[in-house]
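Chemist: My questions will all concern the structure given below.
The values are calculated or read from the model by the stated rules, or taken from the named source; none is laboratory data. The shown structure was predicted, so the numbers you read here are calculated from the model rather than taken from an experiment. With ideal geometry, Cβ positions are generated from the backbone for all residues, glycine too; neighbour counts draw on all protein chains shown. We work out accessible area using only protein heavy atoms, side chains counted, and drop any ligands, DNA or RNA first. Shrake-Rupley method; radii C 1.70, N 1.55, O 1.52, S 1.80 Å.
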Amino acid sequence: MTITLRPALPFDVAALWALRTVAVRVSCATHYAPEQIAAWTASPVPDGYAAMLAAGGGIVAMQDAAIAGYAMLDVNTHEVDAVFVDPARAGLGIGKRLLAALEQLARGRGIARLHLSASLNAVPFYAAAGFTALREEAYAHPSGISLASVAMEKALTPA
């Protein structure tokens, strides 16, 4: 079982969004109410996804011919927008590899610090990767709901 990383491409968007929806339903259900999960997963692909991909901010993890996970970096705002892994492939280190690849991408563009808004279930993952919690916050999701989250950041060592 080999995992390979490649740039995310515009034709990947539908598959990435489908993976994200499954990941939210499975992984976030332990920390959020069913009605929050329903609204969260019903939202359409954000307008910004195409621009992030066009700017080279997306990375896909492939396992054979299947998408095993993906990560998105907004290279303009230095925000880690997404790290999602197929729940059926959780625990294999795919998320760690994706996040490390995003950090490498950021360093290559001269970005010194990354920030993100972590869902409550993802806080331990990001903390283990060296991100520091700044504050608890209410993330205003595009679907109109408010999600409890944690603002986190990490200073990157130069490339």
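Quick grid of which residues meet (1) at pLDDT 95 or above; (2) out of contact with any Leu (no Cβ under 7 Å at 6 or more places or on another chain):
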position: Ser117; (1), (2): no, yes
position: Leu134; (1), (2): yes, yes
position: Pro142; (1), (2): no, yes
position: Ile145; (1), (2): no, yes
position: Ala148; (1), (2): no, no
position: Ala155; (1), (2): yes, yes
position: Pro158; (1), (2): no, yes
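Chemist: Okay, next question. Taking interchain pairs and intrachain pairs at least six residues apart, which have beta carbon atoms under 8 angstrom, with the first residue in the stretch 133-155 and more than 14 Å from Leu116 (Cβ to Cβ) and the second open to solvent by less than 80 Å² (accessible area, probe 1.4 Å) and in a loop (DSSP other than H, G, I, E, B)?
Modeler: Once the first residue is more than 14 Å from Leu116 (Cβ to Cβ) and sits in the stretch 133-155, its partners that are open to solvent by less than 80 Å² (accessible area, probe 1.4 Å) and in a loop (DSSP other than H, G, I, E, B) give His141/Ser43; Pro142/Ser43; Pro142/Pro46; Ser143/Ser43; Ala148/Tyr32.
Chemist: Is there any pair with a first residue in the stretch 8-25 that is touching a residue at least 24 places away in the same chain (Cβ under 8 Å) and at negative phi and a second that is exposed (fewer than 14 other Cβ atoms within 10 Å of the Cβ) and assigned to a helix (DSSP H, G or I) whose Cβ atoms are under 8 Å apart and which are 6 or more apart or on different chains, and what are they?
Modeler: Sorted first by the residue in the stretch 8-25, then by its partner, the pairs are Pro10/Ala50; Pro10/Ala54; Val13/Ala50.
Chemist: For the stretch 33-79, name all the residues that are farther than 16 Å from Leu19 by Cα, touching a helix residue (DSSP H, G or I) at 6+ places or on another chain (Cβ under 8 Å) and open to solvent by less than 60 Å² (accessible area, probe 1.4 Å).
Modeler: The answer is Leu53, Gly56, Gly57, Leu73, Asp74, Val75.
Chemist: Separate question: Residues in the stretch 26-58 that are in a loop (DSSP other than H, G, I, E, B) and more than 16 Å from Ile145 (Cβ to Cβ): how many? Don't jump to the end; show me each part of the working.
Modeler: The first filter runs over the stretch 26-58 and keeps only residues in a loop (DSSP other than H, G, I, E, B), leaving 28-33, 43-47, 55-57.
Keeping just the survivors that are more than 16 Å from Ile145 (Cβ to Cβ) gives 30, 45, 47, 55-57.
Going through the stretch 26-58 one residue at a time, the tally reaches 6.
Chemist: Still on this structure: Can you tell me how many residues in the stretch 56-89 are on the phi < 0 side of the Ramachandran plot and at pLDDT below 90?
Modeler: The qualifying residues number 1.
Chemist: Moving on to the next point. Do you know which of the residues in the stretch 1-12 that are open to solvent by 30 Å² or more (accessible area, probe 1.4 Å) and aliphatic (A, V, I, L, M) is modelled with the highest pLDDT?
Modeler: Leu5
Chemist: What pairs come up if the first residue lies in the stretch 91-114 and is over 13 Å from Ala128 (Cβ atoms), the second is modelled with pLDDT under 95 and assigned to a helix (DSSP H, G or I), and their beta carbons are under 6 Å apart, counting only those six or more places apart or on different chains?
Modeler: none
Matching residues to (1) within 28 Å of Arg109 (Cα to Cα); (2) open to solvent by less than 50 Å² (accessible area, probe 1.4 Å); (3) part of a loop (DSSP other than H, G, I, E, B):
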residue: Val24; (1), (2), (3): no, yes, no
residue: Val83; (1), (2), (3): yes, yes, no
residue: Gly91; (1), (2), (3): no, no, yes
residue: Lys96; (1), (2), (3): yes, no, no
